[in-house]
Amino acid sequence: MPSTSRAFRLPLAASVLAALPLFVAPAPAMAASPYERGPAPTRASVEAVQGPFAIAQTSVSRYRVSGFGGGTIYYPTTTSAGTFGAVAISPGFTATQSSVAWLGPRLASQGFVVITIDTNSRYDQPSSRGDQLRAALRYLTQSSSVRGRIDPTRLAVMGHSMGGGGALEAAKDDPSLQAVIPLTPWNTDKTWPEVTTPTFIVGAERDSVAPVSQHAEPFYGSLTATPEKAYLELRGASHSAPTSVNSTNTTVARQSIAWLKRFVDDDTRYDQFLCPPPAPDSIVLEYRATCPH
């Protein structure tokens, strides 16, 4: 009775080839983001006071702009690296741009155009500060002397205290923003399910003005629609901690730069600073994150 199985015989050449080790060509490397700016980062380079880009600055008179109180623009001087993402930063209640001025050159030297703003009034509430941050970005991208250096599709906002609450307001109103960073934020609105922008919140353990239990933590917990989010709490720090250059703000700068690079520049080389989250240490009390992977 004939067998129901069949023996397949390869031609000699085919059988010899089959015995040889199989060579598989390596897959091509994934293309880098077209928005990468600057060399591959290291912890030292991201924590440096001066990043890889030489920078310049220019003042913006409140009398020459509409919708905010003027400010200072910091920008990379190179014209050969392509356009840059832009960041607008608001101070807090009763404060001026001087309180957040340290962030201007720090971020610009890493490859961003930055405007630190004065508000129309020192007493403006978060919703107004959010509108003013958006007005500052419109000015940067449409009217400023550096508008040709900016990619208007890659914008972000930051702010301290009521300015941080304003940054959340801006993100709620403009989902096209690529990143938002509230620093010890204050706002009467405690929930932000409308925000769809990657959000990094910094809180301070000893903040008596905007206690984290009433502001930063519920803000973070309410961000249910953001694709990525992170929360850093500074150990033993006060409400004003993000407003001066010190060892604490080396950590704030490192994590803020990494967040902006990752989500404004789509630069995955900075994932290493975001995921796994930084472990608690003498500066970091805790860090929560969804991790950008």
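Throughout, read-outs are computed from the coordinates displayed, never taken from laboratory work. This one's a predicted model, so the numbers in the text were calculated from it and none came from an experiment. Here the Cβ positions follow ideal geometry from the backbone for every residue, glycine too, while neighbour counts run over all protein chains shown.
Quick notes on this structure:
Residue-wise test of (1) among the aliphatic types (A, V, I, L, M); (2) in contact with a helix residue (DSSP H, G or I) (Cβ under 6 Å, 6 or more places away or on another chain).
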site	(1), (2)
Ile89	yes, yes
Gln97	no, no
Pro105	no, no
Gln110	no, yes
Gln125	no, no
Ser128	no, no
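- Residues being part of a loop (DSSP other than H, G, I, E, B) and either hydroxyl-bearing (Ser, Thr, Tyr) or on the phi > 0 side of the Ramachandran plot (or both) - total across segment 188-227: 9
- Looking only at segment 167-187, and only at residues there that are assigned to a loop (DSSP other than H, G, I, E, B), more than 14 Å from the chain's Cα centre (by Cα) and not polar (S, T, N, Q), the one that is farthest from Ala86 (Cα to Cα): Trp186
- Those residues of segment 167-177 which are in contact with a helix residue (DSSP H, G or I) (Cβ under 7 Å, 6 or more places away or on another chain) and surrounded by 24 or more Cβ atoms within 10 Å (Cβ to Cβ), in sequence order: Ala167, Leu168, Glu169, Ala170, Leu177
- Among the criteria (1) buried (at least 24 other Cβ atoms within 10 Å of the Cβ); (2) under 15 Å from Gly38 (Cβ atoms); (3) of a type in the set (Val, Ile, Thr), the one Thr83 does not fulfil is (1).
- Test: Tyr139 is under 21 Å from the mean Cα position of the chain (by Cα) and under 22 Å from Ser45 (Cβ atoms): no
- Extreme residue, nearest to the chain's Cα centre (by Cα), among residues of segment 78-122 that are free of Cβ contacts under 8 Å to residues at least 40 places away in the same chain and within 22 Å of Thr251 (Cα to Cα): Ala101
- There is no residue in segment 126-143 that is among the acidic types (Asp, Glu), outside any helix (DSSP H, G or I) and in contact (Cβ under 8 Å) with a residue 24 or more places away in the chain.
- When segment 213-229 is filtered for residues that are under 16 Å from Gly159 (Cα atoms) and either touching a Gly at 6+ places or on another chain (Cβ under 6 Å) or hydrophobic (A, V, I, L, M, F, W, C) (or both), the ones remaining, listed by number, are Ala216, Phe219.
- Criterion violated by Glu228 - all others in (1) of a type outside the set (Gly, Ala, Ser); (2) closer than 24 Å to Thr94 by Cβ; (3) in contact with a Leu (Cβ under 9 Å, 6 or more places away or on another chain) satisfied: (2)
- Restricted to segment 142-166, and to residues there that are crowded, with 21+ Cβ neighbours inside 10 Å and among the β-branched types (Val, Ile, Thr), the residue that is nearest to the chain's Cα centre (by Cα) is Val157.
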